[in-house]
Amino acid sequence: MTKNISTDDLLASIIKGIEDVKGLDIDILDLRGIDNSVCDYFVICNGNSNTQVNAIVGSIQKGVSKELKDKPWHVEGTDVGEWVLMDYVNVVVHVFQKHIREYYNIESLWGDAKITSIENKF
């Protein structure tokens, strides 16, 4: 039996995972109104080091697994820890080091997306 996980629940669990290890500058890009987008949402955040980036990734995986019994379809970039991509099919998470995020500025590539920024809680 496949359990249908709501995208809202998945987003909430991902955000909580980021916040639990003090991930910064969380943006949610709603891509549902964009033709040929690869998923419904991008979640983008950053950490201050490869250690923190990988801690964010671990926290997201642990939280989503525990709360929703789900795991990412694919994860890449953990070996370097500068830009880690986590693919939860409907939601793709990008965890950057700050300077890498600024360099690639992927938010600007999705200019038509509705962006929701989450305030840092600390």
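The values are calculated or read from the model by the stated rules, or taken from the named source; none is laboratory data. Please read these numbers as outputs of a predicted model, since none were measured by experiment. Backbone-built Cβ (ideal geometry, glycine too); neighbour counts: all protein chains shown. For the accessible areas, the whole protein counts, side chains as well, though only heavy atoms, and no ligand, DNA or RNA atoms are used. Shrake-Rupley method; radii C 1.70, N 1.55, O 1.52, S 1.80 Å.
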Of 35, 9, the only residue that is over 21 Å from residue 109 (Cβ atoms) and surrounded by fewer than 15 Cβ atoms within 10 Å (Cβ to Cβ) is 9
If we keep only residues of region 92-122 that are aliphatic (A, V, I, L, M) and assigned to a helix (DSSP H, G or I), then the residue surrounded by the fewest Cβ atoms within 10 Å (Cβ to Cβ) is 109
Picked from region 38-60 (must be assigned to a loop (DSSP other than H, G, I, E, B) and over 25 Å from residue 114 (Cβ atoms)), the residue least open to solvent (accessible area, probe 1.4 Å) is 49
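Residues checked against (1) free of Cβ contacts under 8 Å to residues at least 12 places away in the same chain; (2) open to solvent by 20 Å² or more (accessible area, probe 1.4 Å); (3) in a strand (DSSP E or B):
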{"position": "28", "(1), (2), (3)": "no, yes, yes"}
{"position": "62", "(1), (2), (3)": "no, yes, no"}
{"position": "66", "(1), (2), (3)": "yes, yes, no"}
{"position": "79", "(1), (2), (3)": "yes, yes, no"}
Result of the Cβ filter at 7 Å on region 99-120, keeping first residues that are over 20 Å from residue 16 (Cα atoms) and partners that are of a type in the set (Ser, Thr, Tyr) and not in a helix (DSSP H, G or I), at least 6 apart or interchain, is none
